Amino acid sequence: MRRMFDEELADLDTSFKEMGLLVSETLEQSVQAFLDHDRQKAQEIIDDDKAINHREIAIEKKTFEMIALYQPVTTDLREIVTILKAVSVLERIGDNARNIAISTIHMKGNKRVANIEEKIGQTGTMVANMVNRVLDFYVNDDIQGAESMEGEVDQVTQDTTDIRGMAISVMEKDPDIVTAATDYIVVAGYIKRTADYVTDIAEWLIYKRTGKIVELNPGTSSYL
Amino acid sequence: MTENQNVSFHLYDEQPKRFIYEMRPEKEIAISTHDMQVYYGDKLALDDADLSFERFKITSLIGASGSGKSTFLRSLNRMNDDVATVKGQIMYRGLDINFKDIDVYEMRRHIGMVFQRPNPFAKSIRENITFALKQHGITDKAYLDEMVEHSLRQAALWDEVKDSLDASALSLSGGQAQRLVIARAIAMKPDILLLDEPASALDPISSAKIEDTLLELKKHYTIIIVTHNMQQAARISDYTAFFHMGRVLEYNETRKIFTRPKVQLTIDYVNGNFG
């Protein structure tokens with residue numbers, strides 16, 4: 001039997017995927033703009049962040065409405081809850097992309113350290129890939145894929161901790177680098193947070209299919 | 001709890017705040033009421049009902065027992081003529097169908113009614129559909145057969161009964177009988193279908209089938225439904241009117257009524273926190 005709920009859920013799902021695509025593109029662009037010192041691109045990303053926020057609000061509003069109108073239970077409820085929870089996570093990933101862009105603009109005229117920026121670029125690209133992958137898992141309803149992300153944050157944690165260490169050591173040697181190096185630490189923090197959010201989405205994906213709330217990111221140690 | 005803390009809807013029962021939705025002018029209106037009042041003897045059962053119903057939409061009338069919603073629905077096609085005095089205008093296609101000289105039987109061809117309990121005639125399934133058509137002088141067998149199939153298909157019953165059209169309608173299950181009654185109503189090709197709790201006597205699956213049927217039917221008909229089942233109103237209707245103590249307190253798009261109603265009494269009622 002055809003249900004209105006299914007049609008509306010399909011629309012909601014499409015909106016979520018579109019927003020996911022937008023957020024992952026924004027993150028990639030933001031990391032790239034940081035590496036290229038492209039302040040104009042960074043400003044565009046900051047300006048466009050509102051569009052991501054508006055999408056989040058529209059999706060949330062629709063989920064509230066569907067809960068009120070259809071009172072979903074079991075799998076229907078989990079689908080709705082997953083979107084409601086994951087959409088906030090997406091929005092926060094968008095905020096991190098924006099924050100990296102703000103740092104890109106902030107670094108104007110400062111002294112730079114090439115090897116740290118390279119490391120930030122690698123880690124940022126890795127996390128942007130994680131975002132793309134978790135969204136692919138969402139689109140393909142791939143639980144095994146989602147489960148395989150367990151522990152992936154560890155590498156990011158290691159890398160961002162390294163970036164912090166590198167930044168501190170250059171600051172100790174050269175006070176002129178303090179402003180830039182502080183931003184490196186901050187950006188590394190945004191990247192680390194984004195990786196945490198990726199595992200949050202993977203966890204909600206597993207919840208959607210199995211009804212189990214799991215922890216893929218024990219969050220052992222992180223300075224950032 | 002002190003008396004002052006006991007703040008709930010009944011404190012302002014005397015003149016509750018009302019919110020009536022103004023149908024936007026670009027919407028096509030199928031039927032509307034103006035200053036409608038219904039009296040049972042001296043007792044005013046419904047006051048001040050001004051509602052417009054958008055064409056090809058489902059509108060739910062909700063409210064507690066005795067709130068006036070069924071009284072309102074029945075007045076729309078003059079079912080209350082013998083038991084009540086209905087004042088005001090009911091405008092349908094530019095005509096006040098509450099006017100005393102209106103041909104009520106002709107009017108009911110355009111505005112059909114389906115009741116709470118399935119009431120198929122004690123005739124065959126086929127004859128249930130053709131009876132009223134024959135009464136209106138239609139005898140062409142091919143046309144009658146076509147209408148039987150067409151109506152039963154629209155009411156989503158055809159596949160279940162196509163091999164037993166000459167069986168007694170009384171052999172049908174409750175849900176099937178109710179869909180037969182809907183098929184019987186739409187065989188007259190009405191514009192508007194009025195339904196008075198059409199699914200309340202049915203099990204959840206039959207009820208879901210009726211809802212599904214109504215969603216299909218709204219492509220061709222304007223549907224006004226009285227329901228005690230708020231989830232049903234939420235699931236299927238485009239608009240919802242909340243009746244309380246003989247007045248319409250709030251009328252709006254269903255998604256607004258169920259997410260952010262404006263009147264406290266509506267909030268209490270749809271929350272199930274009433275009385």
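The values are calculated or read from the model by the stated rules, or taken from the named source; none is laboratory data. None of these values were measured; they are calculated from a predicted model. Cβ sites come from the backbone with ideal geometry, for glycine too, and all protein chains shown count toward neighbours.
Remarks
Each row is one residue, and each column tells you yes or no for (1) surrounded by fewer than 17 Cβ atoms within 10 Å (Cβ to Cβ); (2) on the phi > 0 side of the Ramachandran plot; (3) more than 14 Å from chain A (Cβ to nearest Cβ).
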{"residue": "B:Lys189", "(1), (2), (3)": "yes, yes, yes"}
{"residue": "B:Pro198", "(1), (2), (3)": "no, no, yes"}
{"residue": "B:Ser207", "(1), (2), (3)": "no, no, no"}
{"residue": "B:Thr213", "(1), (2), (3)": "no, no, no"}
{"residue": "B:Lys219", "(1), (2), (3)": "yes, no, no"}
{"residue": "B:Ser237", "(1), (2), (3)": "no, no, no"}
{"residue": "B:His244", "(1), (2), (3)": "no, no, yes"}
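- Of all residues in segment B:41-61, those satisfying the criterion of being outside any strand (DSSP E or B) and surrounded by 16 or more Cβ atoms within 10 Å (Cβ to Cβ) are B:Leu51, B:Lys57.
- A residue that is within 19 Å of the chain's Cα centre (by Cα), farther than 24 Å from A:Thr210 by Cβ and not hydrophobic (A, V, I, L, M, F, W, C) can be found somewhere in segment A:72-91.
- Criterion: free of Cβ contacts under 8 Å to residues at least 24 places away in the same chain, touching a strand residue (DSSP E or B) at 6+ places or on another chain (Cβ under 8 Å) and more than 24 Å from B:Leu215 (Cβ to Cβ) - qualifying residue of B:Asp96, B:Asp103, B:Asp82, B:Asp140: B:Asp96
A quick yes/no check of all residues on (1) outside any helix (DSSP H, G or I); (2) within 21 Å of the chain's Cα centre (by Cα):
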| site | (1), (2) |
| --- | --- |
| B:Arg109 | no, yes |
| B:Met113 | yes, yes |
| B:Ala122 | yes, no |
| B:Ile129 | no, yes |
| B:Ala132 | no, yes |
| B:Ala142 | no, no |
| B:Glu149 | no, no |
| B:Asp166 | yes, no |
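- The set of residues from segment A:147-201 being β-branched (Val, Ile, Thr) and over 19 Å from A:Lys111 (Cβ atoms) comprises A:Val153, A:Val156, A:Thr157, A:Thr160, A:Thr161, A:Ile191, A:Thr194, A:Val198, A:Thr199, A:Ile201.
- A Cβ distance below 6 Å, combined with a sequence gap of six or more or placement on separate chains, defines the contacts here; from segment A:119-142, residues that are over 15 Å from A:Thr26 (Cα atoms) reach residues that are among the small types (Gly, Ala, Ser) in the pairs A:Val134/A:Ala202; A:Phe137/A:Gly145; A:Phe137/A:Ala146.
- Some residue of segment A:55-72 being under 30 Å from B:Ile257 (Cα atoms), part of a loop (DSSP other than H, G, I, E, B) and without any contact (Cβ under 8 Å) to a residue 24 or more places away in the chain: yes
- Filtering B:Gln232, B:Gln178 for residues that are within 14 Å of chain A (Cβ to nearest Cβ), assigned to a helix (DSSP H, G or I) and of a type outside the set (D, E, K, R) leaves a single hit, B:Gln232.
- Restricting attention to segment A:38-52, the residues that are over 22 Å from A:Met126 (Cβ atoms) and not in a helix (DSSP H, G or I) total 0.
- In segment B:1-53, the residues that are under 22 Å from B:Thr71 (Cβ atoms), at pLDDT 85 or above and of a type in the set (D, E, K, R): B:Asp35, B:Asp42, B:Lys43, B:Asp47, B:Asp48, B:Asp50
- The residues on offer are A:Arg164, A:Arg193, A:Arg209, and the sole one that is more than 14 Å from the chain's Cα centre (by Cα), among the basic types (Lys, Arg) and farther than 30 Å from A:Asp76 by Cβ is A:Arg164.
- Filter result (more than 14 Å from chain A (Cβ to nearest Cβ) and free of Cβ contacts under 8 Å to residues at least 12 places away in the same chain) within segment B:252-275: B:Asn273
- Exactly one residue out of A:Ala58, A:Ala51, A:Ala33 is within 19 Å of A:Ala128 (Cα to Cα), of a type in the set (A, V, I, L, M) and within 23 Å of the chain's Cα centre (by Cα): that is A:Ala33.
- Number of residues in segment B:77-102 that are among the hydroxyl-bearing types (Ser, Thr, Tyr) and more than 17 Å from B:Ala45 (Cα to Cα) equals 1.
- Within segment A:61-85, being among the polar types (S, T, N, Q), away from chain B (no Cβ under 14 Å) and either closer than 23 Å to A:Val134 by Cβ or touching a Cys at 6+ places or on another chain (Cβ under 7 Å) (or both) holds for A:Thr75, A:Thr82.
- Condition check for B:Leu249: crowded, with 23+ Cβ neighbours inside 10 Å, aliphatic (A, V, I, L, M), assigned to a helix (DSSP H, G or I) and away from chain A (no Cβ under 14 Å): no
- Any chance A:Ala58 is at negative phi, of a type in the set (Gly, Ala, Ser) and modelled with pLDDT under 95: no
- Scanning segment A:1-37 for residues that are outside any helix (DSSP H, G or I) and within 14 Å of chain B (Cβ to nearest Cβ) returns A:Met1, A:Arg2, A:Arg3.
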